[in-house]
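The values are calculated or read from the model by the stated rules, or taken from the named source; none is laboratory data. Given the structure is predicted, the values throughout are model-derived calculations rather than measurements. Positions of Cβ are backbone-derived with ideal geometry, glycine not excepted, and every protein chain shown enters the neighbour counts.
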Amino acid sequence: MPSWPKTQVRPDLLLRLPRELRDEIYKEVLEQSGQIPLKGSYYNGLPPLFWKDPNLHVEALEIFYTVNRFFMSLEGNANTPLTDQWGPYPEAKANIRHLTVTCAESFFPKSATEFEETLWCSRERRRWEQLLELPHLTTLTIQMQKTHDTSLFTLDFGPILYQLRATHPDIKITFTVSFDTKLQIAWEDPRWTSPGRYHINTSPAIPYERMGYVDVSDLIAPPSDEDFKYVKDFLPKKSMPAAPQATLGLLSETVANRRVLGKAYVVKEPALLRVLMEGHHQIYLNYEKGGRKGG
């Protein structure tokens, strides 16, 4: 929590300054070095002075959400509007520039068309669509925990990333993946130290070391001409081969090796994934233009 000066400053004196100078003061006072939890961030983010005058309050909130980086989880109830999660002030949604979201991978044994027909208004899709309500989003970092083997499932969020690029041409999207949830469950499985078929030793358990998130942003980039040619020549049926199982390939590796090798366990054919995501976006657009039924 920031430590604010105790010296009293009269709000009316600040209001006599030009707005450009006040903005510089706001930035100097409000900019924080680390990421800020989005929920309730405004309570600790503003010094008492900026709560005393409604004009200062609005201006300070605008700069606060503009200059700082925030993080939030997309694991909450999608029926709850983002404004409830972000606080009662519209300045959050209107001005936020930099956001990190954490999430777990979803799984849908459906085609892109089936998803857009039956699950387009699902909780999983709505949690991502909320990002489209941010008019000034400049940088988005996604931290996803992989929960399934075989491939990377993008049906819930893939078209939304394309829409963000369309409405925010200069946006920078960083996509990172971790296998820590899966690997830690396997690492702490009691069968490895319990007497019986899988018994290895009776020494005290070695704590699991987290690998963190690996940047795999190229996997969700728009496909290149080379991607389309590769898929046409070698994967004409556009059927994604299964990726290696992370729990078998990464569990015995060091943390450093998990980070180096992790990308190979996300998806077997990156070019095909990019082509499939682009195709899904076209399906999404067709359904949006044609009007949605139900929901």
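Among residues of region 1-52 being at pLDDT below 80 and small (G, A, S), the one that is surrounded by the fewest Cβ atoms within 10 Å (Cβ to Cβ) is S3. Comparison of A242, A256, A221 shows that the only residue that is among the small types (G, A, S), under 30 Å from Q184 (Cα atoms), exposed (fewer than 14 other Cβ atoms within 10 Å of the Cβ) and at pLDDT 95 or above is A256. Please go through region 127-184 and give me each residue that is of a type in the set (D, E) and assigned to a helix (DSSP H, G or I), ordered by number. Of everything in region 127-184, those that are of a type in the set (D, E) and assigned to a helix (DSSP H, G or I) turn out to be E129, E133, D180.
Within region 176-189, restricting attention to residues that are modelled with pLDDT under 95 and crowded, with 21+ Cβ neighbours inside 10 Å, the residue that is nearest to the chain's Cα centre (by Cα) is K182. Selection of region 139-175 for residues being out of contact with any helix residue (DSSP H, G or I) (no Cβ under 8 Å at 6 or more places or on another chain), among the β-branched types (V, I, T), modelled with pLDDT of 95 or more and surrounded by fewer than 18 Cβ atoms within 10 Å (Cβ to Cβ) yields only T139. Residues in region 101-119 that are more than 17 Å from L74 (Cα to Cα) and either hydrophobic (A, V, I, L, M, F, W, C) or outside any loop (DSSP other than H, G, I, E, B) (or both): F108, A112, T113, E114, F115, E116, E117, T118, L119. Count of region 259-295 residues, restricted to those that are more than 19 Å from Y162 (Cα to Cα) and buried (at least 20 other Cβ atoms within 10 Å of the Cβ), is 5.
Exactly one residue among Y230, Y208, Y198, Y265 is touching a helix residue (DSSP H, G or I) at 6+ places or on another chain (Cβ under 6 Å), farther than 21 Å from L155 by Cα and at pLDDT 90 or above, and that residue is Y230.
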